[in-house]
1. Return the residues of the stretch 247-297 that are open to solvent by less than 10 Å² (accessible area, probe 1.4 Å) and among the charged types (D, E, K, R); say none if nothing qualifies.
2. For Pro54, state whether it is at pLDDT below 50 and either under 29 Å from Glu154 (Cα atoms) or open to solvent by 10 Å² or more (accessible area, probe 1.4 Å) (or both).
3. Hey, among the residues in the stretch 449-484 that are closer than 23 Å to Ala274 by Cα, under 25 Å from the mean Cα position of the chain (by Cα) and modelled with pLDDT of 95 or more, which one's surrounded by the most Cβ atoms within 10 Å (Cβ to Cβ)?
4. Of the residues Thr439, Thr415, Thr402, only one is part of a helix (DSSP H, G or I), under 15 Å from the mean Cα position of the chain (by Cα), assigned by the TED database to the domain that holds Phe342 and at pLDDT 90 or above; which?
5. Would you tally the residues in the stretch 332-381 being more than 17 Å from Met449 (Cβ to Cβ) and within 19 Å of the chain's Cα centre (by Cα)?
6. Of everything in the stretch 182-227, what is over 22 Å from the mean Cα position of the chain (by Cα) and part of a loop (DSSP other than H, G, I, E, B)? Give them in sequence order.
7. Restricting to the stretch 188-244, and then to whatever is among the polar types (S, T, N, Q) and buried (at least 19 other Cβ atoms within 10 Å of the Cβ), can you tell me which residue is nearest to Trp127 (Cα to Cα)?
8. Spot the failing condition for Tyr367; the list is (1) under 30 Å from Leu310 (Cβ atoms); (2) assigned to a helix (DSSP H, G or I); (3) open to solvent by 10 Å² or more (accessible area, probe 1.4 Å), and only one is missed.
Amino acid sequence: MASSPAQSEKRLDSGRGSFGSSVSPSDPPQHPSQVYDPKLDRVVWRKMDMFILPVVAMFYLLSFLDRTNFGNARVAGLQKQLNLTNQQYSIALTVTYVPYIVAELPSNLLLKAVGPNLMLPTMLTLWGVVATLQGVVTNYSGLLACRFFLGLFEGGVFPGLVLYLSFFYPRQMLQWRITAFFSTASISGAFSGILAYGIIRMDGIGGRPGWAWIFILEGLFTVAFGLASYFLLPSDPLHIKFFNEQQKYYVIAKLKEDGTRNEEADKFSWKEVARAFGLPHVWILALVLFCDGTVLYSLAYFAPSIVAQLGYSNASAQLMTVPPFAVAFVVSMVLAYISDHFRCRGITTVFSSILAVIGFAMYLASYDRNVQYGSLFFSITGTYSCAAALSTWNANNATPHTRRATTIAIGFIMTNSGGILATWLLGSLSAPPRYTSATITLLALSVVMVVFSALNLAYLWDQNKRKKKLRLTTKREEEDPGLGDKSAWFEYNL
């Protein structure tokens, strides 16, 4: 008979005190601060990186691909064939974000209760169906309906994936993993350009234009992977099939040691939802995430159009977007490793924001198309690197579970609110070929990212300093166990 999660965890908690091969189930558990076994440490994280991380990465790659291929389809003729004005094109993009934003908080709050192994694959499959249907629309109203439901089914994906990974990895191991799956957004930017370049040559097959096949083929693959993912995602560390009991216990113990898992405090509470809205650092980062969301989606949706305005043909423009996104992927992974290894979330965020500032300043200052194209390597790299760091930083500094789930959702609500602004900045409020007013706005937002990322770093450093003093005069066992990240023993990640 299968045991319940609570019974499984009770059995694990009563099991092992040391993690060597000589451990027996009767050994008492160690204090969390003593939990470390070099051999097990290598094995458990490597296994999760091999079996869980690729699935999560594919989720986000498909999510970003199915949203941003709209820009590729535009260059391939969607706007012209459906007779859309620039304003209607921007409205179609905006319609995606309204249900997307509305779905994020409820989705994150339900994720643990429903089970991520059921909820995430269901969302993936449903949005794949809708993404496919975009390829058969023949008018503006049909396109709007597809974009609305795409946003509704996809809204909880990114915050849900960040929350999901926090079920498995300690805080200081999280940025590299979040960046690994978030960087698939960079890959999707490159991949979608290559795919679109090939797919648009299917123009006329089956009586469908080339831009329609972009939606149909990418959407069908999403449906297929969504169905397969029901069998690939575990609900939490206790249900990882490729772990033995000892490895399960070790992961649980490390999460408890890190302060990110507490069965009693992790129960759902509306009070914890409210507490998340009262955290100063959440709102400092919310502003930065809004700015980064505006910049990121501006580049994601309009990079093919920007490159086309530099004088390249529509087909060449698809390919020319590939190198900047490929560089963004490499730099993001390097910065994530540095951030995890040296525990410097804030510094890498500020550095990434500065890269974006440099890129937009170059584009604005020069009329040379080579310099303008080169500026994309800075702006795209800085923006995408920053987004992963911000998402991790936000998730790292809130606990227990409900507070963290709410905090993550707030961050993504702000990010996608920036996406709404992005759809109008380059869609209809700024004229090609230079998009001057949009570039000035994106440059200003990048500067705000630098300033407020530094401000958040200073605030958290000050809070840690206060907590250090408080630990000198407070006994841990006398502290309210429900304090979460407000505990004197919870150090904020800087």
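1. Answer for the stretch 247-297, where residues must be open to solvent by less than 10 Å² (accessible area, probe 1.4 Å) and among the charged types (D, E, K, R): just Asp292.
2. No; evaluated as a whole, the condition is false for this residue.
3. Restricting to residues being closer than 23 Å to Ala274 by Cα, under 25 Å from the mean Cα position of the chain (by Cα) and modelled with pLDDT of 95 or more, the top hit is Asn456.
4. Criteria check complete, one pass: Thr415.
5. The total comes to 6.
6. Asp203, Gly204, Arg208, Pro209
7. Thr222
8. Of everything listed in (1) under 30 Å from Leu310 (Cβ atoms); (2) assigned to a helix (DSSP H, G or I); (3) open to solvent by 10 Å² or more (accessible area, probe 1.4 Å), Tyr367 misses just condition (2).
The values are calculated or read from the model by the stated rules, or taken from the named source; none is laboratory data. What you see is a predicted model, and the numbers here were worked out from it, not measured in a lab. FYI the Cβ positions are ideal-geometry reconstructions off the backbone, even for glycines, and counts take in every protein chain you see. For the accessible areas, the whole protein counts, side chains as well, though only heavy atoms, and no ligand, DNA or RNA atoms are used. Shrake-Rupley method; radii C 1.70, N 1.55, O 1.52, S 1.80 Å.
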